[in-house]
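Scroll down for the structure; my scribbles are underneath it.
The values are calculated or read from the model by the stated rules, or taken from the named source; none is laboratory data. Please read all numbers here as calculations on a predicted model, not as lab measurements. Ideal geometry is used to build each Cβ from the backbone, glycine not excepted, and the neighbour counts take in all protein chains shown.
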Amino acid sequence: MSQNLPLAGRIAVVTGASSGIGEATARKLAEQGAAVALLARRKDRLQALAEGIRAAGGRALALAVDARDRTAVADAARSIAAELGTVDLVVNNAGVMLPSGVEEHRVADFEQMIDLNVTGVMRVVDAFVDPLVAAAGKGGPSDLINISSIAAHGVFATFAVYCATKAAVTHLSRNLRAELGPKRVRVSVVEPGFVDTELQGHMTDEKAKAWIASAKQQITWLTADDLANTIAFTAGLPRHVNLSHVTVMPTEQV
């Protein structure tokens with residue numbers, strides 16, 4: 001790839017890379033010159049994505065990893081270091097949305113959201129913070145980009161646990177920036193509004209599904225590519241510029 005590309009020489013990790021925002025972001029980062037490690041659970045989807053990136057002249061490494069599994073994430077970090085080099089860009093994107101009312105007692109859904117959206121996010125941070133700090137210490141850009149949601153600030157019936165997990169990601173990002181910013185690691189949190197991805201397809205609550213379907217008919221939603229472009233722009237800024245908190249909304253969503 002041309003060294004004139006904005007992300008040439010960067011080593012990126014994208015979690016939740018098998019679909020939606022993660023997949024689109026991995027493609028965009030690779031198009032702009034980054035070598036990309038693809039992490040998600042669906043191995044076949046990751047391999048197809050990696051093959052497409054390589055066919056376009058990029059570098060990609062597909063690793064089937066559940067972000068909730070501490071050992072698997074740590075093993076992936078070692079594999080990436082060995083095969084691609086020192087990671088200097090992490091897009092912490094894996095997440096799930098399973099709304100339901102608390103009186104329905106869907107404890108397994110609550111736990112899955114907390115385990116992936118909060119604990120999984122922190123497992124990824126833990127696995128890659130050392131290379132991010134090392135990369136920054138060598139004088140290059142270094143980015144931790146956490147994907148949250150406008151739900152971090154919202155109040156929606158039956159979405160209480162999901163909103164709480166995204167509020168945790170947003171506040172975690174603010175605090176990590178206070179810790180890592182002085183070490184020249186840029187920490188950003190991206191909060192999308194409605195984005196047309198698989199995320200809504202995993203919901204089982206019928207009222208929530210109906211509300212989402214209605215919202216999709218009423219306004220034009222963001223696409224995964226819209227978010228990918230925003231993330232790539234954030235990572236491509238000069239090293240001393242940190243776009244720390246980005247809210248990306250459909251124009252019609254209020």
Kindly indicate whether E206 is farther than 30 Å from A8 by Cα, acidic (D, E) and free of Cβ contacts under 8 Å to residues at least 60 places away in the same chain. yes
Filter result (surrounded by fewer than 18 Cβ atoms within 10 Å (Cβ to Cβ), small (G, A, S) and either in contact with a strand residue (DSSP E or B) (Cβ under 8 Å, 6 or more places away or on another chain) or in a strand (DSSP E or B) (or both)) within segment 52-80: A64, S79
Set D205, D143, D196: member being surrounded by 15 or more Cβ atoms within 10 Å (Cβ to Cβ), at pLDDT 95 or above and either of a type in the set (D, E) or in contact with a Leu (Cβ under 6 Å, 6 or more places away or on another chain) (or both): D143
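Conditions (1) touching a strand residue (DSSP E or B) at 6+ places or on another chain (Cβ under 8 Å); (2) more than 12 Å from M97 (Cβ to Cβ), marked per residue:
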position: D126; (1), (2): no, yes
position: G140; (1), (2): no, yes
position: D143; (1), (2): yes, yes
position: N146; (1), (2): yes, yes
position: A152; (1), (2): yes, yes
position: T158; (1), (2): no, no
position: C163; (1), (2): no, no
position: T170; (1), (2): yes, yes
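Residue-wise test of (1) in contact with a helix residue (DSSP H, G or I) (Cβ under 6 Å, 6 or more places away or on another chain); (2) under 21 Å from I147 (Cα atoms).
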| residue | (1), (2) |
| --- | --- |
| K207 | no, no |
| I212 | yes, yes |
| W221 | no, yes |
| D226 | no, yes |
| N229 | no, yes |
| F233 | no, yes |
| R239 | no, yes |
| V248 | yes, yes |
| Q253 | no, yes |
Going through segment 1-51 in order, the residues found to be of a type in the set (A, V, I, L, M), closer than 23 Å to A82 by Cβ and part of a loop (DSSP other than H, G, I, E, B) are M1, L7, A8, A17, A34
Could you pull out the residue among A60, A72, A56, A48 that is in contact with a Lys or Arg (Cβ under 7 Å, 6 or more places away or on another chain) and either over 19 Å from G120 (Cα atoms) or without any contact (Cβ under 8 Å) to a residue 24 or more places away in the chain (or both)? A60
Could you tell me how many of the residues in segment 87-124 are of a type outside the set (A, V, I, L, M), within 23 Å of R177 (Cβ to Cβ) and not in a loop (DSSP other than H, G, I, E, B)? 5
